């Protein structure tokens, strides 16, 4: 029972991370294509500036839960996917550095350099998270001893790349909707148009990925055994359709919430299909690492559950406060000049 609870929490934490930091990754990937002046670039930076640090807490928490609740899975996952995860880590570090250093000098070349690194620091994780999770769904080349028998390029298989493209599109649409919420004028209209146009590419990519998932994985097995689980992909479809309806009505915040629900349900669809597997071996299913054969002791899981029940609500309350505190629009006035109110760091 405890193993199942922690498996569910593991999936939820990843889903929340993708829904929150996803718009940061999307905005950073989209920035060079929508921001046409220095003032618009500052608005783009300010739209993610107060949030990205807090959003990454969920990534750390998801990794921490993997380490503490499923140590064997953590060891095998972080050795098997070492290259991909290290690239993601470097990209996230570059993103943080770019956010801090861009405003140090007013030189155009200086800012252009950090703008390029910001794009790399957001596009890289968006693509690589999709590649990594698609491979988790499909299975990776781990043997009986938990040793990875492939290379980084083994992960760049067609199905893995489909996952990377899908995640990138999801995050770009999610980010463009957030930018439409937080900006005004031409930038807001531009971001809204991007969301509306890319929605169709996202819907097509989702359909293709679902078809490829049926062919390349066993994710649907759990859903066929327990049909009530189909409520998860049905909720994803409803969220995707709702997103388009709200985009057409220019209700950007509602469209963003629909996008967040879509991300959460898509992630949970994959996690639900994997259960009880955390790492699937494409060599032999007997080598799979599950919530039961790779978990910590029952006592450890009980202590962790008590800690989670105390501290996770505190983190949630803090993030709600942050989002409410910075609930203004950056309309090119004070924010464009680097003087947003309330006061915060800007790029």
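All of the numbers you see were taken from the coordinates with simple rules; none came from a lab. Being a predicted model, the structure only gives us computed values, none of them experimental. Backbone-built Cβ (ideal geometry, glycine too); neighbour counts: all protein chains shown.
Computed from the C-beta positions of residue 107 and residue 83, the FRET efficiency with R₀ = 30 Å rounds to 0.30. Cα axis of helix 231-248 to longest principal axis of the chain: angle in degrees, 0 to 90, nearest 10? The angle comes out at about 10 degrees.
In plain terms, the chain from residue 220 to residue 200 could stretch by 4.7 nm, reckoned as 0.36 nm per residue minus the Cα-Cα distance.
Taking a ≥ b ≥ c as the square roots of the eigenvalues of the alpha-carbon gyration tensor, the range 148-243 is classed oblate because a/c is 1.5 or more while a/b is no larger than b/c.
Go through (i) 60, 50, 49; (ii) 70, 60, 32; (iii) 60, 39, 36 and flag the label whose value is the computed Cα extents along the principal axes in Å for this structure. Read-out taken from this structure: (iii). With a Förster radius of 30 Å applied to the C-beta separation of residue 249 and residue 320, the computed FRET efficiency comes to 0.70.
Potential lengthening of the chain between residue 145 and residue 184 amounts to 8.5 nm, from the contour at 0.36 nm per residue minus the alpha-carbon distance. By the count of neighbouring beta-carbon atoms within 10 Å, fewest first, 117, 187, 86, 127 end up ordered 86, 117, 127, 187.
Exposure proxy ranking for 221, 24, based on other Cβ atoms within 10 angstrom of each Cβ and starting from the fewest, stands as 221, 24. For the chain, the longest principal axis of the alpha carbon atoms and the long axis of helix 52-69 meet at an angle near 10°. Each label was represented as a point 7 Å from its Cα along the Cα-to-Cβ direction; for residue 241 and residue 207 these points are 1.4 nm apart.
Which of 1, 304 has the fewest other C-beta atoms within 10 Å, and how do the rest follow up to the most?
1, 304
Dividing the summed helix terms, -39500 (n - 2.57) for each DSSP H run of n ≥ 4, by the number of residues in the chain produces a 222 nm estimate of -25500 deg cm²/dmol to the nearest 500. To the nearest 10 degrees, how steeply does helix 82-101 sit against the main Cα axis of the chain, on a 0 to 90 scale? With rounding to tens, the tilt is 20 degrees. Across the range 127-222, the relative contact order, built from alpha-carbon pairs under 8 Å that are at least six residues apart, equals 31 percent. With just the Cα atoms defining each centre, how far is the range 1-47 from the range 146-184? Give it in Å. A separation of 11 Å, based on Cα centres.
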